[in-house]
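Take a look at the structure below.
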Amino acid sequence: MLPRNPIILIPSRLAATRLPGKPLADIAGTPMIVRVWRCAVAAEVGPVIVACGDRAIAEAVTAAGARAVMTDPGQPTGSDRIHEAIGRIDPDRHHDAVINVQGDLPMLDPAAIGIAVAGLADPDTDIATLAAPITDNAALHDTGVNKVVAGFTEPARPARALYFSKAIVPWGPGPYYEHIGLYAYRRAALERFVGLPRGILEQREHLEQLRALEAGMRISVSLIDPARLGVQVDTPADLARARRLLEGPQTDAGIT
């Protein structure tokens, strides 16, 4: 069944490996994390809070009008960070679902968040997430593009995730799908997930969602148009592209 009272949490920290400080990267005069927060608010799914691993991020988002909660800067993953945050802000468990929106999606279509939440309509689903068709051959062969295996009998309906990989899967002719790391967790599922030991396949593939599958949890995947994602900012090149798109064709701010 659909959650009655979801909340959106955006985990954010400065110590990104490939692009340190990226939450505060300026894009057309606005820190990236603030742009993501605005996208999440526009989804109108529920309250939006930024789970901050650093004081500078909290200061930036609160200056823009957002609510922030400080979390342990040593949290290993975004899932651990939002789990800590929801425990701090909602100890009485009023919110029955937690939506994890990554802080590096400054052009995310707010409607995509609603699509992820709708994936929880099946009562057997623990976690709902998103995927987009891969149409670029370079992306298909890029190990930085995570793939998801799911049998979509009807593209407009969610399918069950069977596997996630950095490799090109599955074998044989047919479509391939990029996993988009936006998650809608039932509250109990998030609590169970962060309490699980790291799985064998998770350690091998370096994909934490495999921990859930190895433990028998059900993940639902909904397809969206790649345009709804915009640019996911992982590298300086991604940041430059996001700046070009959001600042307009007449300028190119470059990396600062």
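Of the residues making up region 98-139, just one is in contact with a Phe, Trp or Tyr (Cβ under 8 Å, 6 or more places away or on another chain) and surrounded by fewer than 18 Cβ atoms within 10 Å (Cβ to Cβ), namely P133. Just one of the listed residues (R218, R204, R186, R228) is among the basic types (K, R) and free of Cβ contacts under 8 Å to residues at least 24 places away in the same chain, and it is R204.
Just to be sure, is R81 surrounded by fewer than 21 Cβ atoms within 10 Å (Cβ to Cβ), basic (K, R), assigned by TED's automatic domain parsing to the domain that holds V45 and more than 16 Å from A212 (Cα to Cα)? Quick ask: steps written out before the conclusion?
On the way: surrounded by fewer than 21 Cβ atoms within 10 Å (Cβ to Cβ): no; basic (K, R): yes; assigned by TED's automatic domain parsing to the domain that holds V45: yes; more than 16 Å from A212 (Cα to Cα): yes.
No: the conditions fail for R81.
Within region 147-157, identify whether any single residue is within 17 Å of the chain's Cα centre (by Cα), surrounded by 13 or more Cβ atoms within 10 Å (Cβ to Cβ) and modelled with pLDDT of 95 or more, and answer yes or no. Within region 147-157, one or more residues are within 17 Å of the chain's Cα centre (by Cα), surrounded by 13 or more Cβ atoms within 10 Å (Cβ to Cβ) and modelled with pLDDT of 95 or more. Here are V61, V98: which of them is over 21 Å from L2 (Cβ atoms) and either outside any loop (DSSP other than H, G, I, E, B) or not assigned by TED's automatic domain parsing to the domain that holds M32 (or both)? Checking each option against the conditions leaves just V61. Looking across A188, A215, A227, one residue alone is over 20 Å from I99 (Cα atoms) and either hydroxyl-bearing (S, T, Y) or at pLDDT 95 or above (or both). It is A215.
Go over the candidates A51, A16, A43 one by one and state the one that is under 17 Å from the mean Cα position of the chain (by Cα), in the same structural domain as Q102 (by TED's automatic domain parsing) and at pLDDT below 95. Explain how you work it out, then say what you get.
Details: A51 fails: at pLDDT below 95; A43 fails: at pLDDT below 95.
Answer to the selection: A16.
Taking region 198-223 as the range and being more than 16 Å from the chain's Cα centre (by Cα) and assigned to a helix (DSSP H, G or I) as the test, the residues that pass are I200, L201, E202, Q203, R204, E205, R211, L213, E214.
Only residues that are crowded, with 19+ Cβ neighbours inside 10 Å and farther than 20 Å from A212 by Cα: list them for region 56-78, please. Listed by number, the residues that qualify are I57, A58, A60, V61, A66, A68, T71. Quick one: is A227 assigned to a helix (DSSP H, G or I), loosely packed, with under 12 Cβ neighbours inside 10 Å and not basic (K, R)? For A227, the condition - assigned to a helix (DSSP H, G or I), loosely packed, with under 12 Cβ neighbours inside 10 Å and not basic (K, R) - is met.
Of the residues in region 186-196, at least one is outside the structural domain of A97 (by TED's automatic domain parsing), part of a loop (DSSP other than H, G, I, E, B) and more than 21 Å from D104 (Cα to Cα).
Just to verify a result, which residue in region 74-95, among those that are part of a helix (DSSP H, G or I) and among the β-branched types (V, I, T), is nearest to the chain's Cα centre (by Cα)? Even if it seems obvious, please write down each step before you answer.
So in region 74-95, the residues part of a helix (DSSP H, G or I) come out as 78-89.
Right, trim to among the β-branched types (V, I, T) and you get 82, 86, 89.
Working: I82: 12, I86: 16, I89: 20 Å.
Restricting to residues being part of a helix (DSSP H, G or I) and among the β-branched types (V, I, T), the top hit is I82.
The values are calculated or read from the model by the stated rules, or taken from the named source; none is laboratory data. Given the structure is predicted, the values throughout are model-derived calculations rather than measurements. All Cβ positions, glycine included, derive from the backbone under ideal geometry; neighbour counts span all protein chains shown.
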